[in-house]
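The values are calculated or read from the model by the stated rules, or taken from the named source; none is laboratory data. Values in this document were obtained by computation on a predicted structure and should not be read as measured data. Neighbour counts are summed over all protein chains in view; Cβ atoms, including those assigned to glycine, are modelled from backbone coordinates with ideal geometry.
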Amino acid sequence: MQRTICCICQANPASAPRPADISQVFIGYADNSAQLLGLSIESRPCAALVALPAGHRLADKRLIEPMDFAGERFIALEPGSFGAMRIDVALAGVPRLSLIEARLSYTALTLVAQGAGVCILDPAAYLDFIGKGVVIRPFSVFIDAGFSVFEQAQRRSSLVRVLKQQFWAFYEQELASLEPISALGP
């Protein structure tokens, strides 16, 4: 028996796969929960976190508020993505300098580590940056940075079910490792 595991990471709902494109997809991961015909979708919401360079003026705060970003150099996510739209709504009316846009969370965090600015991103992205010049803090406004697992509704398999269960267990364990850091400091 041959199974295909495919990772489809789409930030723009307009470019999400259509049923004709997914005939060989048995499981996939996406950063949104747009309903796609013929797919079973399981979403896991997760709060976005604030990334600050070590030593930043906000690093001593336990909780970052929207107005804390006033006047800050803000590293924005790619325009049009769900994440960017959610952040723009949360920070509406807050004057900030958005001179840099990053397509990937990893790129944004690399820039934060170098002191280029601050950003709001998904928690999973921070795992590679613990102890590398980035301080993470919770944000007072819930911005959903979770994602969805989807599979073909008509082709459910026990292999995919086990893979999903193990992935969610791993993901939740990794996120739990961030909780003390994001709540209490580096």
Those residues of the stretch 95-120 which are surrounded by 16 or more Cβ atoms within 10 Å (Cβ to Cβ) and on the phi > 0 side of the Ramachandran plot, in sequence order: 117
Assuming residue 74 fulfils every condition listed in (1) over 15 Å from the mean Cα position of the chain (by Cα); (2) of a type in the set (A, V, I, L, M, F, W, C); (3) not in a strand (DSSP E or B) apart from one, which condition is it? (3)
Across the stretch 41-63, which residue is farthest from residue 121 (Cα to Cα) among those that are part of a strand (DSSP E or B), small (Gly, Ala, Ser) and in contact with a helix residue (DSSP H, G or I) (Cβ under 9 Å, 6 or more places away or on another chain)? 47
Can you pull out the residues in the stretch 124-135 that are crowded, with 21+ Cβ neighbours inside 10 Å and either within 28 Å of residue 41 (Cβ to Cβ) or of a type in the set (S, T, N, Q) (or both)? 125, 126
Pairs, please: C-beta under 6 Å, at least 6 apart or cross-chain, first residue more than 15 Å from residue 115 (Cα to Cα) and in the stretch 55-79, second buried (at least 19 other Cβ atoms within 10 Å of the Cβ) and of a type in the set (Lys, Arg)? 64/137
Out of (1) at pLDDT below 90; (2) not in a strand (DSSP E or B), the odd one out for residue 67 is which? (1)
Residues that are out of contact with any helix residue (DSSP H, G or I) (no Cβ under 9 Å at 6 or more places or on another chain), at least 3 per element: which strands (runs of 3 or more DSSP E) completely within the stretch 90-186 meet that? 97-102
Quick test for you: out of 107, 4, pick the one residue that is modelled with pLDDT under 80, outside the structural domain of residue 153 (by TED's automatic domain parsing) and not aliphatic (A, V, I, L, M). 4
